[in-house]
Amino acid sequence: MRLMSEKKRNSPLLHIATPFIMLALCTGITAAALIKPYDKLKMYLNIAFMDTLKSEPGGDASGLVIKDNKIIEDYSGKTSSTGEVIRPKFGELFAMLKSEAFDVDVPVYWGSGSELLELGACQSTGSAVPGTEGNAVISAHVDTFFSGLDKLDIGDKITLNTNYGEFTYIVKELIEFKATNGKYVLPTEDTRLTLYTCKKDILGGSDQRFGVICELTESSFYTEAGGDAQ
Amino acid sequence: MKKPSSYIVSLVLSVITVFVTLALMGTMVVFIHATPEKAISLAQDKQTAPMILNELESYFKDRTSSSGIPTNVYTDAVSESLIRDIRDQQIRDGFMFMKSGNTSDGIADLDKLDESLEQFFSSYASENGIEKDKKYDTALEKAQTSARKVVSEKCDIYKMSSLRSHGVLKKVGVIYRDLVYIIAGLFGAAAVLILLLILTCRKEKRSVLYWLGVSCLIAGAVGTIPSAILLGTGYFNSFSIKQPSVFTAYTSAMNGLTSAFMAASIAVTAVGIAMLIVYGVLLSKEKTVTPTDVSNVSK
């Protein structure tokens, strides 16, 4: 009886079925585990292989002059909660946006347009310069620099480094709106940072936008020379 | 495989072994193939330097109408060997940054390019009676900076500077830097898993061979099938990268890494099949023993 039961357990069927069970398990786990890295890899490649020379400074026929400033990111000198901002020129790299949710440090250009959006995020010139009162509105492509925007949640920290100070924000509200609805990009009385991007649409361009509204929690204006530019 | 509990434990251990084997294959492939020497050798084998030179010529030719600077001002100052030096330096810098977080002092000497532009601007100013004032200096500096940037960008066939400036290399570097320790850790984990399998199957030691064989077979299959699909369908070749030199370098590197991973996977599959054959032979030998012996085994 015992011998029969053992024979059953050692049956060829079990020996043959086991590799298939393992294959199914491993394929499933691998597929699930690779979704996130695949998305990240796609974003890295999108960023790396953009043709940055399309908007090379100095000679563009469109008249757009792009200036890639070095942004101070490790300032070690004294700071003050108030100070002077430096208003950037159109096409100028003036800030670095950082958040745990983003896989890359996002360069922020002053202005907008397809050429600037290929280089980083863009801040609308009609919005408030970081460090001043009002609504600072920044947007970027969803498949590159703002691919991690949907990962932001209420309470998440966002840092904006400029050459005149560091500004820290906390996500207060998650927003969704139509491209034609200007409600969230209008000037405000309070000091806030609005980040938004397009909703992914496999059929092409989407007129839906989503993003976050962040509240300013800390302003550190640089009061003396210090730190190395990136 | 006598008790259901030991079967489940062995199954779980084998599934973990599959992933440890896959990770080990992946890290070993990266350790062996993702080196500056291999990347430079690939760039040389694929003749990327002449491609870059052609791209530069075509780029500056297109720009002549808007910049007013003739193509030969740039091309006469940039030789194929200089392109090679800049390209190789950028590859080394990228890997150095991943390893240590630092880069070398800068790209190869482009003074000849600066001189060529300076000479052109100077002749142009003399011929047209233009004063060499601040405006002249700014225009010259702008043209030199622009030319340097273009040459540097075009030579960066693996897009190391782009990946570095966006913080990607820094993140990849965290793993790349400690690759040796990660590989050692994975070997350790594999040894522990084998020990655990031996302990689990201590009453029927030969089944360790079965579980390890199946683990290798599945790890090999999970590695071989996607690699074969990627290579067979020419997945990397379908990428729309505009710069021919970047396209060549990138697709060749990716195809090379995938081929290496597939070769490792096939080798692991072969090891798995060999283990299963040995297990089968042992099993069939046992089945041919006398009934008395069988009753002893079942006790």
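In table form, for the structure just shown:
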item	result
Among B:ILE175, A:ASN69, B:ALA264 the positive-end extreme of the charge dipole of the protein assembly as shown (Cβ point charges)	B:ALA264
Relative contact order computed over chain B (Cα-Cα under 8 Å; 6+ residues apart), in percent	28
Proximal lysines to B:LYS3, defined as alpha-carbon separation beneath 21 angstrom and excluding residues fewer than eight positions away on the same chain	A:LYS7, A:LYS8, B:LYS203, B:LYS205, B:LYS287, B:LYS299
Dimensions in Å of the protein assembly as shown - Rg and Dmax from alpha carbons	30.0, 113
Only Lys, Arg (+1) and Asp, Glu (-1) charged, at Cβ; the protein assembly as shown dipole about Cα centre in debye	3720
GNM result for chain B, Cα springs below 10 Å: residue of B:GLY234, B:GLY220, B:GLY173 fluctuating most strongly	B:GLY234
Tilt relative to chain B, helix B:48-67 - C-alpha long axis, 0 to 90 degrees, to 10	40
Estimated 222 nm signal from helices in chain B, with DSSP H stretches of n ≥ 4 weighted -39500 (n - 2.57), rounded to 500	-27500 deg cm²/dmol
Cα centre as origin, Lys/Arg/Asp/Glu Cβ charges: segment B:1-94 dipole, Debye	780
Residue with peak Gaussian network fluctuation, chain B [Cα springs, cutoff 10 Å], from B:ILE157, B:ILE86, B:ILE225	B:ILE225
Interatomic Cα distance distribution for segment A:67-228, bins of 10 angstrom, percent	11, 42, 36, 9, 1, 0
Nearest-ten-degree value, helix B:4-33 long axis tilted from longest Cα axis of chain B	30
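Only the coordinates and a few stated rules stand behind these numbers; no lab work does. Please read these numbers as outputs of a predicted model, since none were measured by experiment. Backbone-built Cβ (ideal geometry, glycine too); neighbour counts: all protein chains shown.
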